[in-house]
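Undergrad: Let me give you the structure first, and then I'll get to my questions.
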Amino acid sequence: MRSRKFTQRKEPLTYDSYEQLFVEFSDRVERMLLRLVGCVLVLLIFSQLLLQVAPLRSIMTRVDPLEGDPYVQHSQKQQR
């Protein structure tokens, strides 16, 4: 990404030059937003994968220990 130094212009902004500046700016913002969305998506998938591990799930969430007996343990108690 190239950086643009904003200095005083000698010539006034015309419609074409303003449009070109806007297109360059919007392209940079669009790339940044796409990267941000990609990072958030990767973090979401990673956190969901971590929640699949039972010991980590009990550490990561406050609700999991409050949910009562897991279904597997409940069905094993009834078979005894």
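The values are calculated or read from the model by the stated rules, or taken from the named source; none is laboratory data. Note that the structure is predicted; figures quoted are calculated from it, not measured. Cβ: placed from backbone, ideal geometry, glycine included. Neighbour counts: every protein chain shown. Protein only, heavy atoms only, side chains kept; ligands, DNA and RNA dropped before computing areas. Shrake-Rupley method; radii C 1.70, N 1.55, O 1.52, S 1.80 Å.
Undergrad: Give me the pairs, please: first residue somewhere in the stretch 51-80 and modelled with pLDDT under 65 and open to solvent by 70 Å² or more (accessible area, probe 1.4 Å), second residue anywhere and among the small types (Gly, Ala, Ser) and part of a helix (DSSP H, G or I), beta-carbon distance under 8 Å, and either six or more positions apart or on two chains.
TA: none
Undergrad: I'd like the full set of residues that are basic (Lys, Arg) and in a helix (DSSP H, G or I), limited to the stretch 33-72.
TA: Arg35, Arg57
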